[in-house]
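To keep things clear, I will list the structure first and then write my remarks on it.
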Amino acid sequence: MIMQSVIIPALTFLFQDGSGGFLSWLWEWAIRAWDSAKQPDLSKFLVIGALLFIIGVAGVLTRRNIIVIFMSIELILNAANLNFVAFSRYLQATNSVDAVAGQLFAVFVIVVAAAEAAIGLGIVIALYRNKETIWVDEIDLLKW
Amino acid sequence: MTLSGYEALFFWIFGLAAIFAGLLTVMARNAVHSALFLISSLVSVAALFVLAGAEFIAGVQILVYVGGVMVLFLFVIMLVNVGAEEKGRDEIFNKQKQVTASLIFCFLLVAGVLYAVSKAYPALLANANTTSEALAAQQASRGKSLETGATGTSRITLDTELVGSSLYRYASLPFEIASVLLLVAIIGSVMLARTLKQEVSADDVDPEVLQEEIAANPELEKLESRS
């Protein structure tokens, strides 16, 4: 009963001849992925930037240590920078608009990140002096 | 833009290193370990900048981020050193419900972004009337036209020169504003990080608050009268 209703359809689904089977589809997908991985282009830069961004967002949302939250923000800004630089390179290759603009913007992002880190860490020190804690869930009052 | 050969190999090495070090930054228990993993992530991203032809940004990244910002981070970690975290007594993540909700949100976000990239990139190429191969060929011919460096193995790009000239030509006002921003950051962080003693000797405390503080700590009065 189980043999007929589950296993045989599953086997035919996996090992079907031609293009219909799941495994052959997976194999073709893997070959295509390998081919495109051998020549990384703009989209691969964007994928790596997106993953770094998501890791940073996860760090900001889940960690309790305020300094690690700041470091996650730096990761987010870096992911944005990676996208700027990758698009700058892409636009240079397509001979379209002024392509250095992306790199210029990346410089300004780095400047703002440095200013943000200086101010933020100053706030952390002042906060630690008053509250004796760096856990963000214990810093829940604007005035104490 | 397409990388090939060793460039592709190094792209994957540094890309995966950046992501892996980023993950460890978020997951490390000790904040000093987090900072060191973040440094390696930033260096890997700088290598990716070099591969994307932005040598100047890579240099700025190393100098400003790794040399400046991360040293500042390490100093602050040392100043507010919290032993309980390292000894494993405290929970380093938020409460479980919040973590689950935020991870679901992050998963949806990454799925959406990856889907958008996979759909939009072919459309972008089609819109520009070109293909990946054509772009690679164009880039190779552009590379051949550049002057060869002294070692004979690499070519000298003009990107840094271009960035420098357009920084002053097209972005000179934002450049000046950035210097004002940095000045504000310096003054602000010095103001914020002062101790009460320093504030009192600069005569910068509210008189009522000052009376209370002097009642608690008589030493402050000497500083106050001196200024």
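For the stretch B:134-227, chymotrypsin sites (Phe, Trp or Tyr not before Pro) are listed when DSSP marks them as loop and at most 14 other Cβ atoms sit within 10 Å of their Cβ; the list is B:Tyr170.
Between A:Thr12 and B:Thr130, the modelled labels are 4.9 nm apart [label points 7 Å from Cα along Cα→Cβ]. The helix-based estimate of mean residue ellipticity at 222 nm for chain B, built from -39,500 (n - 2.57) per DSSP H run of four or more residues and divided by its residue count, is -23000 deg cm²/dmol to the nearest 500. Report summary: the helix-based calculation at 222 nm, which adds -39500 (n - 2.57) for every DSSP H run with n ≥ 4 and divides by the residues of chain A, gives -25500 deg cm²/dmol. Choose one of B:Ile62, B:Leu23, B:Leu51: the residue whose Cα lies farthest towards the positive end of the charge dipole of chain B (beta-carbon charges +1 Lys, Arg; -1 Asp, Glu; about the Cα centre). It is B:Leu51, whose Cα lies furthest towards the positive end. Note on B:Leu72 and A:Ser36: the model spin-label points, each 7 Å out from Cα along the C-beta direction, lie 3.9 nm apart. The HN-Hα couplings worked out from phi for the stretch B:158-165 by the Karplus form 6.51 cos²θ - 1.76 cosθ + 1.60 (θ = phi - 60°) are 9, 4, 4, 4, 4, 4, x, 5 Hz, whole numbers, x standing for Gly and Pro.
How high is the FRET efficiency between B:Ser118 and A:Asn130 when r is their beta carbon distance and R₀ equals 41 Å, given to the nearest 0.05? Write down the numbers at each step before the final one.
Details: r = 49 Å, r/R0 = 1.19.
In this case the efficiency is close to 0.25.
For chain A, a simple Cβ point-charge model (Lys and Arg +1, Asp and Glu -1, everything else neutral) yields a dipole of about 220 debye relative to the Cα centre.
Once the Cβ-Cβ distance between B:Tyr6 and B:Ser172 is put in as r, and R0 is 45 Å, what FRET efficiency do you end up with, to the nearest 0.05? If you can, show how the numbers build up before the last one.
On the way: r = 38 Å, r/R0 = 0.85.
Taking R0 as 45 Å, the efficiency between B:Tyr6 and B:Ser172 is 0.75.
Using Cβ counts within 10 Å as a stand-in for footprinting exposure, how do B:Val184, B:Val117 rank, fewest first? Write out the running numbers ahead of the final one.
Working: B:Val184 13, B:Val117 18.
Ordered from fewest to most neighbouring Cβ atoms within 10 Å, B:Val184, B:Val117 come out as B:Val184, B:Val117.
Dipole of the protein assembly as shown computed with +1 at Lys/Arg Cβ and -1 at Asp/Glu Cβ about the Cα centre; of B:Phe105, A:Gly120, B:Ile13, farthest Cα towards the positive end is B:Ile13. Of the residues A:Gly102, A:Ile73, A:Gly21, the one whose Cα sits farthest toward the positive end of the charge dipole of chain A, with +1 on the Cβ of Lys and Arg and -1 on the Cβ of Asp and Glu, is A:Ile73. Measuring r between the beta carbons of B:Ile186 and B:Ile156 and using R0 = 45 Å, the FRET efficiency lands at 0.80.
Projecting label points 7 angstrom from Cα along Cα→Cβ for A:Leu26 and B:Ala140 puts them 3.5 nm apart.
Each value in this text was obtained by applying a stated rule to the coordinates, not by laboratory testing. Small disclaimer: the values here were computed from a predicted structure and weren't measured. Ideal geometry is used to build each Cβ from the backbone, glycine not excepted, and the neighbour counts take in all protein chains shown.
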